[in-house]
Amino acid sequence: MTDQASTLRAQIDGLLRQYYENYYRKNLSLVDWRERIETRIDEERTFAEPNIRKVEKWMGVNFAGQRVLVVGAGTGAESVVLHQRGAEVHGIEPYDKAMQILALKAELYNIPPERFQQAAAEQIPHPDESFDFVYCYTVLEHVQDVEKTIDEMLRVCKTGGLVYIQTPEYRFPYEGHYKITRLPFSPRWLTALGLLLRGRSPAFLRTVNFVTAPQLNRIFFARNVLTLRIELNWLKMWAPVRGANKLPYWFTKTFGIGRDQYIFLRKLGAE
Ligand SMILES: C[S@@+](CC[C@H](N)C(=O)[O-])C[C@H]1O[C@@H](n2cnc3c(N)ncnc32)[C@H](O)[C@@H]1O
């Protein structure tokens, strides 16, 4: 690594530590916040790489030469990995502190810095039909307007292209940010009460959209898209530790509902 690259790396690591301490410790008061920060320092390998590999495997996607937009680019892990796959990566992200890290990662990984724009998903600063693939991972539950975001992602996606959405399923008895069990089908206020009773702040929870598959399907079914849902083998995932995972196992077995949603929207053209 050159001197300039190691200086950049050190700057990025420092900012990632601050960013994820704020998130895991201050916002979410997770007990294992220290370990979580350590995995985020190497987030390209520990987080983005396995997730992107799943998309390649499930959909037979080859990102090389594709124009890809990462919506809610965060601290850039997914953008870096997609860039390394040979994609022309662009990203939008509204949050200043994430933009600062994105700028440094662009420099470190030789991504043209103007490819990352400070913007919200409800108003994507790109023309119609710009991208082969729109990547939106754990972002839909954080936007201001879910429907507008979906419309914008479809607008900038090329006809025949794919929009990938990964988001929680809030009918499931789990809150993935706070890592807590919830009552099945319970409303947000009951989850907030559960946090208060555990002595944890529910402030971040107020910013989260409790998205569910039926709610999203109603939006998709009114658009010119083919909706492809990936259903993981949830029961097999819970089974080895069924003692500890009795509730999720029972819930999935009873209602056929998994913990997270993995959705691909294929944008259709005129018939
Ligand atoms: C949980 S993070 C996920 C980031 C990244 N995809 C990842 O998994 O590391 C959610 C991201 O969405 C961004 N975000 C929040 N509201 C947004 C909006 N309206 N439009 C676009 N991004 C938004 C946040 O700033 C944050 O970077």
_Consider segment 1-47. How many of its residues are of a type in the set (Ser, Thr, Tyr), closer than 16 Å to residue 101 by Cβ and away from the ligand (no atom under 14 Å from the Cβ)?_
1
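Picking from 146, 163, 211, which residue would you name as being closer than 21 Å to residue 95 by Cα and touching a helix residue (DSSP H, G or I) at 6+ places or on another chain (Cβ under 7 Å)?
On the way: 163 fails: closer than 21 Å to residue 95 by Cα; 211 fails: closer than 21 Å to residue 95 by Cα.
Answer to the check: 146.
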*Residue ID - farthest from the ligand (Cβ to nearest atom), chosen from residues in segment 141-189 that are crowded, with 17+ Cβ neighbours inside 10 Å and of a type in the set (Asp, Glu)*: 169
*For the subset of segment 56-68 comprising residues that are over 19 Å from residue 110 (Cβ atoms) and not polar (S, T, N, Q), which member is farthest from the ligand (Cβ to nearest atom)?*
60
*Does residue 24 satisfy being hydroxyl-bearing (Ser, Thr, Tyr) and in contact (Cβ under 8 Å) with a residue 40 or more places away in the chain?*
no
_Against the condition under 30 Å from residue 26 (Cα atoms), more than 16 Å from the ligand (Cβ to nearest atom) and in a loop (DSSP other than H, G, I, E, B), how does residue 196 come out, does it pass?_
no
*asked:* Need the failing condition index for residue 185 against (1) more than 21 Å from the chain's Cα centre (by Cα); (2) assigned by TED's automatic domain parsing to the domain that holds residue 260; (3) within 20 Å of residue 251 (Cβ to Cβ), just the number.
replied: (2)
_Whether any residue in segment 210-225 is surrounded by fewer than 16 Cβ atoms within 10 Å (Cβ to Cβ), at pLDDT below 95 and either more than 22 Å from residue 262 (Cα to Cα) or away from the ligand (no atom under 16 Å from the Cβ) (or both) is what I want to check._
no
_Hits in segment 126-140 - residues which are more than 8 Å from the ligand (Cβ to nearest atom), within 20 Å of the chain's Cα centre (by Cα) and more than 17 Å from residue 115 (Cβ to Cβ)_ = 140
_Criterion violated by residue 76 - all others in (1) assigned by TED's automatic domain parsing to the domain that holds residue 87; (2) away from the ligand (no atom under 14 Å from the Cβ) satisfied_ = (2)
*Tell me, yes or no, whether segment 53-70 has at least one residue that is crowded, with 18+ Cβ neighbours inside 10 Å and within 20 Å of residue 1 (Cβ to Cβ).*
no
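The values are calculated or read from the model by the stated rules, or taken from the named source; none is laboratory data. Small disclaimer: the values here were computed from a predicted structure and weren't measured. For neighbour counting, all protein chains shown are included, and Cβ atoms are generated from backbone atoms with ideal geometry for every residue, glycine included.
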